[in-house]
Each structure stands twice: as structure tokens, then as C-alpha cells.
Amino acid sequence: MPARIDTAVGAAHTQMLGLGVYRPERIVPNSEIVGPIDSSDEWIQTRSGIRARRFASGGRGSADPESVIGMATEAGRRALAASNLDADQIGAVVLATSSQMVLGPSAGAVVATNLGMSDTAAFDVSAGCAGFCYALANASHMVRAGIAQYVLVIGVERLTDLLDPTDRSCAFIFADGAGAVVVGPSEEEGIGPVAWGSDGSQTAAIKQDKDFQEFFAEVAEKGAEAGRPFIRMQGTAVFRWAATFLEKACRDALDKAGVSAEDLDVFVPHQANSRITDALVRVLKMPENVVVAKDIAEAGNTSAASIPLAMDQVLRTGGAQPGDTALLMGFGAGLAYAGQVVRLPRIAE
Ligand code: UT7
């Protein structure tokens, strides 16, 4: 007889307990971006809703406060404080990013140690702008499966390291920041089933334009003239996909949670373009009293960090309350999407 393998038993329900964010100090208005892309403040505001964004300063090293590791550590610290938990109560760290430009170690492992954790499971998730919702689903599943009681989820980006200031599709959109939540057990459901998917046939729509091998081949050939890797986006193609396909993704997340648009208090889509947000609000027939996150106006598009940053914005200034019912929907490179109906967490003071 083979030995019986025990099954871990977890919580019936999960929730986001507390939220912490880090917004880089440096505010960059449209006027600082427009020159190299021959644009204007008016064009950027009308076509994307962006008035300003935050750019990280200083080095990329793990001791630098506005590196991927530095911003993620600070957001994580604030999420722990908002959750009234200590670092040693966290059973796993799941960190979503597309801009930690080393293959190893995982940023999650370094952040866990920075926060004072020891021997804690930690890993990174690469799912572009859908990364935070992918990580949130994984964290919730871990708590339900009984393999961690509390999981720290972080979305963090330093996209300025991948930004070509002369690229008219990307230079004014992408930006930097970090947001984190702690997921833990709950009396009632606080994180609904995830609706998620991907379409690898559309990788060209948003991608890094060269990989390490191509970059080093170019360095060998051109020396200092070699161009570093940049993020590239076929803006119109992504816009069309987002404004049409994502209606189904949002309805799927609502159906899975047994919730209708009328039951929502808050809508927190990925902050890609305020026109995409407006299109989704329209096709989903969201009632007028639903609070809609518009953090993009001051934060730009921070990819995996955008949903926790936008939750912070609606909780701090948008009229939403902890415990409100919200639909989250992340989408982007992959092309990939993930979203779920949640109850909003507490925020750090
Ligand atoms: O986070 C991941 C997911 N990302 C997204 O969801 C982003 C989706 N895409 C978008 O948000 C939009 O496609 C952009 C904001 C990137 C671009 O807006 P658009 O309305 O799709 O612009 P377009 O590329 O169709 O260009 C329209 C016009 C063109 O001029 P003509 O041919 O109509 O005379 C462009 O040459 O706007 C011109 N244009 C610009 N003008 C000033 C394009 N880029 C710029 C610019 N500044 N930066």
C-alpha cells in the first residue's frame, strides 16, 4: 500500500485585508513629455486622460528606494501596516512585474527578506498589466488550499527603464509605482472567482522589442551605438481589443461571482486609457452611482501596479469605502486579462 498523502485544508473564504502603495516622488506633467514625440498636453489628455505621471528616480539596485525592489518593499510594508499584521505572519509573497530586468533572483524573494521575513515562499508573476489580478487569484487560491494563512501580493513597475522618449505610442502612457495587498481568510467571500485568459498569437501588440541575446549581438556589432531594449505597443490594435473583447471578460467575472453591474459600488479597471474605461462603463451599462477609478489622470499607466494604485485613489479621494463591492479587471501584454469581483480593503494611514 502506498503511503496516504494528507491534504491541506484552507479557509472557505478569502479577502484583501489591507492595501499599501508607493508613488514615486517625481511628478512629470505632459509638458515634459511632448517635445520628443511632437505632441501636446491637449492631445494626450483628450486621447488618454493622462495629465501627469510619476517617474522613479535614482538607481535600480535593491537598496535604492525607487527601484523595483525599493518601491515594492515600501508598498508591502504599508500593506502589512494597513492589515495589522507582522512580516512573520506572511506565508508567501507573490510579486507581479514586467520591469525587473533580471532573470533571477525573483524580486519577490528579495522583497520578502527586506520586509524581515525568513524562509517565506516567494515568486514573481509575469502577466503584463493583468499581473496584479493574476497574483491576487493565486494568493486567494493558496489561502483556500491551506498552504498559507496570509499572502502578500505586490504589483510593481519601473517602466521608464524600458521607455523610448521618442515613441509616440508609449512615451506619454507608461509610468512607475507599486501597490500591495495582504490576502487572508474571511468570514464571508471577499475575492470572487477569477475570470482570466490569454492570447499568445497577439504577442506583437505589446512587447519588449529585443531580448538579451539580440541586445548583446547588437552591442558586439555597434558598441555604444547599440539601442537598449524598449517596450513597443500597437496602440490602436490594443485599444480595439480592450474596448470590445473585455466586455465579455468583465461579464464573465461578474457571472462567476453571481453579481450584476447594478450590485457594484466600484469599478477598478486597469488604468490603460480613460477612453477604454469609458467604453467599458458604457457597454456594461454601469449605473451612474458606481464609482469608477480614474487614477490614470495623475499616475499614467503603471501596468501591474495600476489596479492597487487605482484602488488607493478611489478609497482615498474617490468616495469608495473599505468593504465596498468592486470589479477589478487587468489587461495588457500577452495579450492577457484577469479580473474578479472583490470587497475593497482597508488603506494604510
Ligand atoms: O497597458 C496595456 C494596455 N494598453 C492599452 O490599452 C493602450 C491602448 N491604446 C491606446 O490607449 C491608444 O491607442 C493610444 C493612446 C496609444 C493612441 O491613441 P489613438 O487614438 O489610438 O491614436 P492613433 O495611433 O490612432 O493616432 C491618431 C492620430 C494620428 O494622426 P492622423 O493620422 O489622424 O492625422 C497620429 O499620427 O493621432 C496622431 N498621434 C499623435 N499625435 C500627438 C499618434 N500618437 C500621437 C501623439 N501625439 N503621441
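The values are calculated or read from the model by the stated rules, or taken from the named source; none is laboratory data. Not measured: the values here are computed from a predicted model. Cβ placement follows ideal geometry from the backbone for every residue including glycine, while neighbour counts extend to all protein chains displayed. The protein model used for the area step is the full one, side chains on, heavy atoms only, and it has no ligands, DNA or RNA in it. Shrake-Rupley method; radii C 1.70, N 1.55, O 1.52, S 1.80 Å.
Excluding same-chain neighbours fewer than eight residues apart, the lysines reachable from Lys248 by a Cα-Cα span under 23 Å are Lys256, Lys285, Lys294. Only beta bridges with both residues in the chain are counted; by DSSP, about 65 percent of them are antiparallel.
Segment 1-35 and segment 133-200 have Cα centres lying 5 Å from one another. Here segment 104-219 is treated as an ellipsoid with the same Cα gyration tensor; its semi-axes, largest first and in whole Å, are 31, 18, 14.
Placing +1 on the Cβ of every Lys and Arg and -1 on the Cβ of every Asp and Glu, with no other charges, gives the chain a dipole of roughly 360 debye about its Cα centre.
Of the complete DSSP H runs in the chain, those spanning 27 angstrom or more by Cα along the long axis with a mean Kyte-Doolittle score not below 0.0 are 235-257. Per residue, the accessible area of segment 201-311 comes to 48 Å², computed with a 1.4 Å probe over protein heavy atoms only. The apolar share of the surface of the chain, taken as the fraction of accessible area on carbon and sulfur atoms (1.4 Å probe, ligands and nucleic acids excluded), comes to 51 percent.
Of the residues Gly58, Ala243, Val110, the one whose Cα sits farthest toward the positive end of the charge dipole of the chain, with +1 on the Cβ of Lys and Arg and -1 on the Cβ of Asp and Glu, is Ala243. What share of Cα pairs, in percent, lie more than 22 angstrom apart in segment 13-186? The proportion of pairs with Cα distances above 22 Å equals 44 percent. Largest GNM mean-square fluctuation among Pro24, Pro165, Pro105, using the chain with Cα springs under 10 Å: Pro105. Across Gly104, Gly70, Gly235, mean-square fluctuation computed from a Gaussian network of the chain (C-alpha pairs under 10 Å connected) peaks at Gly104. In the chain, the alpha-carbon atoms span a convex hull of 159 Å³ per residue.
For the chain, averaging the sequence separation of C-alpha pairs within contact (under 8 Å, six or more residues apart) and dividing by the residue count gives a relative contact order of 26 percent.
Trypsin sites (Lys or Arg not before Pro) within segment 234-331: which are DSSP loop residues with at most 11 other Cβ atoms inside 10 Å? Let's see the in-between values first.
Details: sites: Arg240, Lys248, Arg251, Lys256, Arg275, Arg282, Lys285, Lys294, Arg316; in loops: Lys285, Lys294.
Listed in order of number, the matching sites are Lys285.
Counting heavy atoms of the protein chains alone, His141 has an accessible area of about 80 Å² for a 1.4 Å probe. In segment 13-186, Cα pairs under 8 Å separated by at least six residues give a relative contact order of 33 percent. Could you name the aspartates and glutamates in cross-link range of Lys222, using Cα to Cα under 14 Å and dropping any fewer than eight places away on the same chain? Output for Lys222: Glu214. Ranking of Leu284, Leu103 by solvent-accessible surface, largest first: Leu103, Leu284 (1.4 Å probe, protein heavy atoms only, all chains present). Largest first, the three principal axis extents of the alpha carbons in segment 204-286 are 59, 23, 19 Å in whole numbers. Once the 1.4 Å probe is applied to the protein heavy atoms, segment 13-186 comes out at 37 Å² accessible per residue.
Between Phe212 and Ser260, the modelled label-to-label distance comes to 5.3 nm, taking each label 7 Å out from Cα in the direction of the beta carbon.
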